[in-house]
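Please treat every number below as a calculation from the coordinates, not as lab data. What you see is a predicted model; the values in this text were computed from it and never measured. Reconstructed Cβ throughout: ideal geometry from the backbone, glycine too, with neighbour counts over all protein chains shown.
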Amino acid sequence: MKETAVILRDYIACYRLDTPCRADTPLFFNHREEKLTRQGITYILQKYAEDAGMGKITPHILRHSKAVHLTEADINPVYIRDFLGHTDLKVTQIYSKANVKMKREAIEKLA
């Protein structure tokens, strides 16, 4: 995460978001300096995914992938729940079940 912090610091400095006159400017904004909408984020993500030849990527796919990676890293499900903003741990446990299923399928492929 140190690299991410450096990138964010550089971004903030570049757009002078740390100055008092920009205090109300969102961290990530559109050409009108308004906060990005859900559709705006999806557009940007798909544009760069397409340029990289990755196919269709959505914010939900990224969110799901992060949750699966956290589960695979044996992070406490309570922390994953909080990270994802779930109110019920049962919703978060879906990723644990998906992880067990993926492991079972991988083992079955080896047999």
Those trypsin sites (Lys or Arg not before Pro) from the stretch 44-95 that are DSSP loop and have at most 12 other Cβ neighbours within 10 Å turn out to be 56
List, in order, the whole-Hz ³J(HN,Hα) value for each residue of the stretch 26-38 obtained from phi through the Karplus relation with A = 6.51, B = -1.76, C = 1.60 and θ = phi - 60°; use x for Gly and Pro. x, 4, 10, 9, 8, 5, 9, 6, 9, 4, 5, 8, 4
Hydrodynamic radius by Kirkwood, which averages 1/r over all alpha carbon pairs of the stretch 56-111, in angstrom: 12.0 Å
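Label the chain by shape, choosing from rounded, prolate and oblate, from the square roots a ≥ b ≥ c of the eigenvalues of the Cα gyration tensor; if a/c is under 1.5 it is rounded, and otherwise prolate applies when a/b is larger than b/c, oblate when it is not.
Values: a/c = 2.42, a/b = 1.85, b/c = 1.31.
It is prolate, given that a/c is not under 1.5 and a/b is the larger ratio.
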I need the shape label for the stretch 1-50. Rule: rounded when a/c is under 1.5, else prolate if a/b > b/c, else oblate, with a, b, c from the alpha carbon gyration tensor. oblate
If exposed means GluC sites (Glu not before Pro) lying in a DSSP loop and surrounded by at most 16 other beta carbons within 10 Å, then the longest stretch of the chain lacking such sites spans residues 35-111
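As a quick test, which of the pairs 2/66; 2/90; 66/103; 56/101; 66/97 have an alpha carbon distance above 22 angstrom in this structure? Spell out each step's value before the answer.
Numbers: 2/66 18 Å; 2/90 32 Å; 66/103 17 Å; 56/101 24 Å; 66/97 15 Å.
From 2/66; 2/90; 66/103; 56/101; 66/97, over 22 Å: 2/90; 56/101.
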Work out from phi, with θ = phi - 60° and the Karplus expression 6.51 cos²θ - 1.76 cosθ + 1.60, the ³J(HN,Hα) of each residue of the stretch 44-61, listed in order in whole Hz, and give x for Gly and Pro. 4, 4, 5, 4, 6, 5, 5, 4, 8, x, 8, x, 7, 10, 10, x, 5, 4
